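Asks: Pasting a structure below so you can have a look.
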């Protein structure tokens, strides 16, 4: 073998030494299994594909956790993971799937509303591929995810995204944003098909209230709030007042703009009988002025540059050196959902949903999110599912 | 259908670049250029394998 060939082989081997670990990391990240230890209250696990064949078995399909009470009542849908890079929404939904017991009515919990978006992180943003929540028995690891569906599942993007059916022009990348493609259509993109499937679920299961869990950067004005469709304004106001008065954190209300299309709080209310609400918790990790983009920042919500931005009056939510820890954000969401169930059940007794077993804000802050996550290795295998 | 065609063209284009880079790598006589070709190749190969 010539010296030239040996040199080339060495260079190629060096390249493979870089490419193989990177490829394995991408492969594992996309297929990482996240266990869900089903609460005794979970009576059935279905898939979104059962409501629309167009997403069955695709990256747009996801698990639906049904918790049916013994007494008849209404139905409430909780969507976590519309934007997987906003983990408090997913984790709060997780706490419902692993702890909730329903006495009256039906609760449907979704942990990965945009499952495709859980399998990718933001290109060029140096996101961690996963993060770990400490628990009393070890740690539970979750995929980081992104705001948009994975381009491997839906590509190419258009120059301008024309929303269906309003024909409103939106940012090109939002063609892969599950919270810009409602109400969806059966012959659309993967993300539109997923929204269409959710609309079919909402209609067929006669969902009364749909709750979409999110987090927002502190430089975004719609933060620490409930965004409500006009039919949900009274409910949102009641929930906001009760939480602010009783639970020790402030949450406001915003009315869903009638001319801003594609969002769950607008389109679910417009295209179904369900009342639609969207909850926003603060997440400094998403702020453009953040420093290092690490799992530590994601979970602690502490970032000196975002604090500096706050000192210059550039934020719509307060922040100090304590940051916005994940337990605070998850607790806000669990309490907000629980209060929504209570307030809804009081105002519509015949369609009420009564739920217990899920920790409220003060409990999550005191004990940590991981305290309420069960050990999959100690659970009976039939009660463990994977997202 | 149109999206499928565009994606197919895209992957064909990526594969063609990989072929050109490998050809240049084989023909190259300078180690600096060989390293350059390998570095340029990496993301194209990963993209072809749909690893992202």
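Asks: Mind checking A:8-16 for the average number of partner chain beta-carbons within 10 Å of each residue's beta-carbon?
Replies: 5
Asks: Please give the peptides A:94-102, A:65-73, A:43-51, A:322-330 ranked by average Cβ packing (other Cβ atoms within 10 Å per residue), highest first, as a rough proxy for protection.
Replies: Per-residue Cβ counts within 10 Å, averaged per peptide and sorted highest first, yield A:94-102, A:322-330, A:65-73, A:43-51.
Asks: If you don't mind, another one. Within 10 Å of each Cβ of A:355-368, how many other protein chain Cβ atoms are there on average?
Replies: Taking all residues of A:355-368 together, the mean is 0.
Asks: Ok, one more. Expressed as an acute angle from 0 to 90° and rounded to the nearest 10, what is the orientation of the C-alpha long axis of helix A:3-31 relative to the principal long axis of chain A?
Replies: Helix A:3-31 sits roughly 10 degrees off the main axis of chain A.
Asks: Based solely on its DSSP helices, what 222 nm [θ] is calculated for chain A when runs of n ≥ 4 H residues each add -39,500 (n - 2.57) and the sum is averaged over all residues, nearest 500 deg cm²/dmol?
Replies: Mean residue ellipticity at 222 nm (helix-derived): -10000 deg cm²/dmol.
Asks: Report, as an integer, the average count of C-beta atoms from other chains found within 10 Å of each Cβ along A:18-28.
Replies: Working: counts 3, 8, 0, 0, 4, 6, 1, 1, 5, 5, 0.
Counting other chains' Cβ atoms within 10 Å and averaging over A:18-28 gives 3.
Asks: Here is a further query. If each of residue A:22 and residue A:185 carries a label point 7 Å out from its Cα toward its Cβ, how far apart are those two points in nm?
Replies: 3.8
Asks: Between residue A:250 and residue A:46, what is the label-to-label distance in nm when each label sits 7 Å out along the Cα-to-Cβ direction?
Replies: 4.2
Asks: For a quick protection proxy, order the peptides B:40-50, A:368-378 by their average other-Cβ count within 10 Å, most packed first.
Replies: Listed from highest to lowest mean packing, they are A:368-378, B:40-50.
Any read-out appearing in this document is the output of simple, stated calculations on the displayed coordinates, not a laboratory observation. Predicted model, so just to flag it, every value in this text is computed and none were measured. No Cβ is skipped: glycine too gets one built from the backbone with ideal geometry, and neighbour counts run over all protein chains shown.
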